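Right, one structure below, let's go through it.
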Amino acid sequence: MNDVSLTNPASVSSGFAFLQGDWQLTKQLGVVAGLRYDLTNTYGSKLNPSLGLQYKIIPTLTFKAGAGTGFKAPDFKSRYLVFYNPAANYLVIGNEVLRQTLNQLQAQGQISEIRQFLLNQLDQNLQAERSTSLNLSLEWKPKENIKVEAGIFHHALRNQINSIQVATGSGNRNIYTYQNLPEAVNKGIDVSFSISPLKNLELSAGYQYLIAKDLSVIDSIKTGHYPYNQNIHDPATGNSYAPKPSDYWGIENRSRHMANFKAFYNYRPWDASLNIRVNYRGKYPFGDRNGNHFIDRYDTFVNGFFMFNAAFEKKLMKQHLSIRLTADNILNYTDRLMPGQPGRVLLAGLTYRLYKD
């Protein structure tokens, strides 16, 4: 790749092969198995199996189980790209050009603060991410127009590639890069519900509870290794106390609670449709405020918020022409701790399809 936005990139080659089989062993039991082989010139190769089962307990109730491994090599963006978003005022620097880029910015007087401890941790190339996943769920369909599904998941990750703020630039510009988390876990529950109460009307909702933690931080707190053995400071009372594993909240930019609601209505006599979406994201960690290098309840969090979006589409000329109006973030919600979140966005578009009637 030769791109002016990349700084001294190396040559990266990758390829993969994929094989999947689907068997209906009995009337109740179905199996899906797969193999994926990934090959890179920088990070070696990996063979990843996967297996999924579906078993009908009764005609309206189905048990599902899935397990598999994964492999994700760092891409050009996470390694070399230096990208600035002027609208949201943030800068993203690839891991392998991080120190030299920060040195240049500092020499130009564009840096106000660097998380030096984190920078020292990041002074090595990214490693490939590997994962092992397990999912279990139950699907209930009491009627053709009603479906309820609930499940649990557990994803164990080694060298998870995670974005993190490493510095602050002049004008409160946030500067991000990428790091490996040695041993991370994402686990929780998923619940979804869909119903079609009227003809051409579809309603759906979902909820997720997520625990996302770096297990190496928990181990370091238990053993008292620096820097995770520093006291936790409560800014409200001024008290300090020794940290416990339960004080560790989790990985930055991960919400414990997320929910969504969607309503879709298609009015066929007018060839028109309306789509309304409401998303909720619970509070999530923004950064370490008290200097103990892990997230605890006294650090800086982004408040939970709702996001309202809607889209209207009208088809004309025997469905050849489509007019689409979209409104994202209708209530114009913004937060200074969400540099990538724009305010209200209104879009209008036309699409014309060429085909024989």
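The values are calculated or read from the model by the stated rules, or taken from the named source; none is laboratory data. Since this is a predicted model, take the numbers as computed values, not measurements. Cβ atoms come from the backbone with ideal geometry, glycine included; neighbour counts cover every protein chain shown.
Numbers at a glance
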item	result
Criterion (buried (at least 17 other Cβ atoms within 10 Å of the Cβ) and closer than 30 Å to Gln54 by Cα) met by exactly one of Ala167, Ala205, Ala212, Ala150	Ala212
Strands (runs of 3 or more DSSP E) wholly inside segment 275-357 containing at least 1 residues that are among the basic types (Lys, Arg) and out of contact with any Phe, Trp or Tyr (no Cβ under 8 Å at 6 or more places or on another chain)	305-316
Output for segment 145-195, where each listed residue is closer than 22 Å to Val97 by Cα, in contact (Cβ under 8 Å) with a residue 60 or more places away in the chain and not hydrophobic (A, V, I, L, M, F, W, C)	Asn162, Ser163, Gln165, Gly169, Ser170, Asn172, Arg173, Asn174, Tyr176, Thr177, Tyr178, Gln179
Pairs where the first residue, in segment 230-256, is over 26 Å from Asn186 (Cβ atoms) and the second is aliphatic (A, V, I, L, M) and part of a loop (DSSP other than H, G, I, E, B), C-beta under 8 Å, 6+ apart	Asn231/Ala242
Residue that is surrounded by the most Cβ atoms within 10 Å (Cβ to Cβ) [pool: residues in segment 75-94 that are in a strand (DSSP E or B) and aromatic (Phe, Trp, Tyr)]	Tyr90
Residue satisfying condition, being exposed (fewer than 15 other Cβ atoms within 10 Å of the Cβ), in contact with a Leu (Cβ under 8 Å, 6 or more places away or on another chain) and at pLDDT 95 or above, within set Leu61, Leu51	Leu61
Any hit, segment 249-256, residues being assigned to a strand (DSSP E or B), β-branched (Val, Ile, Thr) and under 26 Å from the mean Cα position of the chain (by Cα)	no
Pick from segment 108-126, criterion surrounded by 15 or more Cβ atoms within 10 Å (Cβ to Cβ) and part of a loop (DSSP other than H, G, I, E, B), ranking: farthest from the chain's Cα centre (by Cα)	Gln110
Whichever residue in segment 160-218 is in a helix (DSSP H, G or I) and out of contact with any strand residue (DSSP E or B) (no Cβ under 7 Å at 6 or more places or on another chain) and, among such residues, is modelled with the lowest pLDDT	Asn172
Residue tally, condition of a type in the set (Gly, Ala, Ser) and under 30 Å from Ser163 (Cβ atoms), over segment 256-292	4
Lone unmet requirement of (1) hydroxyl-bearing (Ser, Thr, Tyr); (2) surrounded by 16 or more Cβ atoms within 10 Å (Cβ to Cβ); (3) touching a residue at least 12 places away in the same chain (Cβ under 8 Å) for Ser220	(3)
Selection count where residues are of a type in the set (Asp, Glu) and surrounded by fewer than 17 Cβ atoms within 10 Å (Cβ to Cβ), scope segment 259-316	1
Single residue of Ser216, Ser204 found to be out of contact with any helix residue (DSSP H, G or I) (no Cβ under 9 Å at 6 or more places or on another chain) and closer than 30 Å to Asn266 by Cβ	Ser204
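To keep it simple, each residue is scored yes or no on (1) of a type in the set (Asp, Glu); (2) in contact with a Gly (Cβ under 6 Å, 6 or more places away or on another chain); (3) within 30 Å of Phe63 (Cα to Cα).
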| position | (1), (2), (3) |
| --- | --- |
| Asn85 | no, no, no |
| Tyr90 | no, no, no |
| Leu102 | no, no, no |
| Gln106 | no, no, no |
| Glu113 | yes, no, no |
| Lys141 | no, no, yes |
